[in-house]
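Here's the structure we're looking at; comments come further down.
The values are calculated or read from the model by the stated rules, or taken from the named source; none is laboratory data. Here the structure is a predicted model, which is why all the values come from computation and not from measurement. All Cβ positions, even for glycine, are placed from backbone atoms using ideal geometry, and neighbour counts span all protein chains on display. Accessible surface is based on the protein model in full, side chains and every heavy atom, while ligands, DNA and RNA are left aside. Shrake-Rupley method; radii C 1.70, N 1.55, O 1.52, S 1.80 Å.
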Amino acid sequence: MPDELFTVAQAAEYLKVCDKTIRRMIKANKLTAFKIGSRAWRIKKSDIDLYIANNVNVAREAVTPHDFFT
């Protein structure tokens with residue numbers, strides 16, 4: 001089955017951010033995308049899911065406020 005393609009607006013809705021945030025992520029090479037024609041970006045759903053997987057907080061040891069000021 002081919003990978004689903006999202007527009008910038010669809011990707012923004014999927015990630016619950018604004019369109020501008022998606023465009024910034026593309027420009028900063030944080031999110032892989034490609035252009036259709038001269039203006040329209042498309043983002044693979046698998047690339048969005050990979051971005052999510054790579055940006056998940058992992059469980060860490062308990063940190064106290066004291067740890068930040070030492």
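Cβ-Cβ distances below 9 Å connect no pair with a first residue in region 4-30 that is under 15 Å from L50 (Cα atoms) and free of Cβ contacts under 8 Å to residues at least 40 places away in the same chain, a second residue that is part of a loop (DSSP other than H, G, I, E, B) and open to solvent by 100 Å² or more (accessible area, probe 1.4 Å), and a separation of six or more residues or different chains.
Selection of region 32-49 for residues being of a type in the set (S, T, Y) and open to solvent by less than 60 Å² (accessible area, probe 1.4 Å) yields only S46.
When region 1-10 is filtered for residues that are of a type in the set (S, T, N, Q) and open to solvent by 60 Å² or more (accessible area, probe 1.4 Å), only Q10 remains. Exactly one residue among I26, I43 is assigned to a strand (DSSP E or B) and at pLDDT 95 or above, and that residue is I43. Can you pull out every residue in region 11-29 that is surrounded by 12 or more Cβ atoms within 10 Å (Cβ to Cβ) and either acidic (D, E) or out of contact with any strand residue (DSSP E or B) (no Cβ under 8 Å at 6 or more places or on another chain) (or both)? Within region 11-29, A12, E13, L15, V17, C18, D19, T21, R24, M25 qualify.
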